[in-house]
Every structure is written in C-alpha cells, then in structure tokens.
1. Does residue 149 fit the bill of being surrounded by 15 or more Cβ atoms within 10 Å (Cβ to Cβ) and either among the hydroxyl-bearing types (Ser, Thr, Tyr) or modelled with pLDDT of 95 or more (or both)?
2. When you scan the range 161-168, do you find a residue that is farther than 18 Å from residue 223 by Cα and buried (at least 20 other Cβ atoms within 10 Å of the Cβ), even just one?
3. Across the range 135-146, what is the total count of residues that are buried (at least 22 other Cβ atoms within 10 Å of the Cβ) and more than 11 Å from the chain's Cα centre (by Cα)?
4. Give 81, 51 a once-over and let me know the one that is touching a strand residue (DSSP E or B) at 6+ places or on another chain (Cβ under 9 Å), buried (at least 21 other Cβ atoms within 10 Å of the Cβ) and under 15 Å from residue 170 (Cβ atoms).
5. Of all residues in the range 60-75 being touching a helix residue (DSSP H, G or I) at 6+ places or on another chain (Cβ under 9 Å) and of a type in the set (A, V, I, L, M, F, W, C), which is surrounded by the fewest Cβ atoms within 10 Å (Cβ to Cβ)?
6. Hey, residue 245 hits all of (1) of a type outside the set (D, E, K, R); (2) surrounded by fewer than 24 Cβ atoms within 10 Å (Cβ to Cβ); (3) in contact with a Pro (Cβ under 9 Å, 6 or more places away or on another chain) but one; which does it fall short on?
7. Please give the number of the condition residue 198 fails out of (1) in contact with a strand residue (DSSP E or B) (Cβ under 9 Å, 6 or more places away or on another chain); (2) surrounded by fewer than 24 Cβ atoms within 10 Å (Cβ to Cβ); (3) in a helix (DSSP H, G or I).
Amino acid sequence: MPHAHTLEKISTNVRFSAVRWLAPELAGAAAERLFLTPPRPRYAAQSALDLIDARSSFLEHKGRAIATWQWGEADAPAVLLAHGWGGNAAQMRGFVYPLLSAGYRVVAYDQPAHGVSGGKLTGLPDFADVFAELAWHHGGVRAVIGHSLGATAASLAHARGLPLESVVLVAPPADIVGFSRRFARWHWIPEGIRRSMQTAIEERYGITWDELEVSRLAPRLGARALVIHDRDDRIVPWTQGARVASLWPSARLLTTDGLGHGRILANEDVARAAAEFISGRSQIANPARPALPWPAPLY
C-alpha cells in the first residue's frame, strides 16, 4: 500500500494539474500558495511537550503568535536555535545542553506557520524577520545555530545588520532558485508557471530572489561561521553547504557522513562541535575557502 505522504503528494499534484489546465491564469497563484505552505505539522503539541523543561512563552509578530522556549540564566549570553522548513523547535533540543554547559542561555522557537506558532503561509523573508525580532526581544544574543532554511534566514538577518559573533549553519541551502526548480519538478509545475510563482512571491515580500543568494549576502557577513553538512544529505546536497562555506569570509566547513538532512540534528558530536565553536574552544579546522574550488561547484 502506498505511504500516506505519497498519496497526499499525488492528490496535491492532481489538484494542481487540474488548476493548470482549467484555469491557467490562476496556476501561478496556486503555485505561490503551495510553495509558501509548510507541510502540515504532525504531533505539534507532542513535540512541544519535548521542551517541557524550558520556560515557554509567545511573542507576537505581525499578528501571529510565535512560540518560544528558553533555558539558562536570564543574564547569560544567548544563542538562538532556528529550525528549517517543515521542522519545529524540538528538533533543535540536542544543542541545548552543550550550550548550557558552556555558559549560554538558549532560545528555541517554532517558525511562523510551523509547530504551534500561528499562521498558514510563510517564506524565507518571514523567517529572517522573526529571527531578528526574537534577537531584539530576548537581548544578549551572541550566536545562532540554524538548520536548512533557518540557517539561510539567520544569515539574511545578519547581513541586514543584526550583530552576531558566531554562526553555525547546519545543511544550509545556497541556491533558492534551484530549490524552487526541484520543488516545481516534485509538483509537476512547468517552468513558465514556476517563474510566475517566483514573481508573485517577490511582489508579496518586496524583495527579489537574487537578493537572497549567499553570493550577494557574503560581503556583509562578518560573524565567525561554521558550516556543518553531511555528504549523504538528499534534501540539500553537500555541495550547497560547501558553496556557502566558500563564499562566507573565513568560514569553516565540517563534513559528516551517514547522517543525512535530519539525523544530523540529533548527533552528539555535531552538537558538541557547534557549542565548542561558538564558545571559542575549537576552531574546528582550517578555513573552508582555500580547501575548495573557487567558486565551489553546485553540482
């Protein structure tokens, strides 16, 4: 019997194809909504219970309640944990205790339209805005550990002026347009409609996708950076993380094997390496840039 996720994908694609043929003028808007809708949360309340040892609260951001959790002393320097697309704060809890042991306060949160946070549609600019708002609200934020799109959002907020000392990027994507093309193939969306979708999203947020590419952001990225990426990542290829590391000034690259895109967050060695890098107890390795072709190939 087909997996439930596969059946849901087939159903969604059939509905989209029907819109495409019956009302082509609406197909771009339908694709935009589909692109900005995170996967439906499974067991969101149960995941929140995994954070029961933290101090929980909500922050209102543009009319949406953003769920947050905090550990550690109130006057300690803070590290924000930013999960990626379709994830939740509980995925990041493996980083909490190594950071607490290093003397930090830790703040995790559910992204807009994720977990138990409010909203139905969201995108990378929303992620970056919420990250900056949380950093301002909690104060004393020195560093971030971001996963996947959460890593990209933290980089965007930093490039826009948010001061950070250290940044750990786990499995960061380097190519937003490339991701949208993989998304389009997954949902049987022709390239012309994908371009219409991109235009609609750019108009919604008032920013072009070119402005979100790491190559454009790199000159404004001053924090120390560590990129951690697994060679077996099938969601965001390792070459993307290697490109981010090659473009970010003086970034380090730590490569793992056999952890994929999600399991990497639960690996104790990864969590310890991230905490040691943020605390300055380890430089991890040599800067990534000299060890890679310039520019590093995407594929």
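The values are calculated or read from the model by the stated rules, or taken from the named source; none is laboratory data. These figures come from a predicted structure and were not determined experimentally. Heads up, the Cβs are rebuilt from the backbone with ideal geometry, glycines too, and the neighbour counts pull from every protein chain shown.
1. Working: surrounded by 15 or more Cβ atoms within 10 Å (Cβ to Cβ): yes; either among the hydroxyl-bearing types (Ser, Thr, Tyr) or modelled with pLDDT of 95 or more (or both): no.
For residue 149, the condition - surrounded by 15 or more Cβ atoms within 10 Å (Cβ to Cβ) and either among the hydroxyl-bearing types (Ser, Thr, Tyr) or modelled with pLDDT of 95 or more (or both) - is not met.
2. Going through the range 161-168, the residues farther than 18 Å from residue 223 by Cα turn out to be none.
So far as the range 161-168 goes, no, none of its residues is farther than 18 Å from residue 223 by Cα and buried (at least 20 other Cβ atoms within 10 Å of the Cβ).
3. Let us first name the residues in the range 135-146 that are buried (at least 22 other Cβ atoms within 10 Å of the Cβ), namely 135, 141, 143-146.
Retained after the next criterion (residues that are more than 11 Å from the chain's Cα centre (by Cα)): 135, 141, 143-144.
Qualifying residue count for the region: 4.
4. On the way: 51 fails: under 15 Å from residue 170 (Cβ atoms).
When all the criteria are applied, what remains is 81.
5. Ranking the qualifying residues of the range 60-75, first place goes to 71.
6. Result: residue 245 fails condition (2) only.
7. All conditions are met except number (1).
A quick yes/no check of all residues on (1) outside any loop (DSSP other than H, G, I, E, B); (2) under 18 Å from residue 91 (Cβ atoms); (3) at pLDDT below 95:
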{"position": "118", "(1), (2), (3)": "no, no, yes"}
{"position": "121", "(1), (2), (3)": "no, no, yes"}
{"position": "125", "(1), (2), (3)": "yes, no, yes"}
{"position": "137", "(1), (2), (3)": "yes, no, yes"}
{"position": "164", "(1), (2), (3)": "no, no, no"}
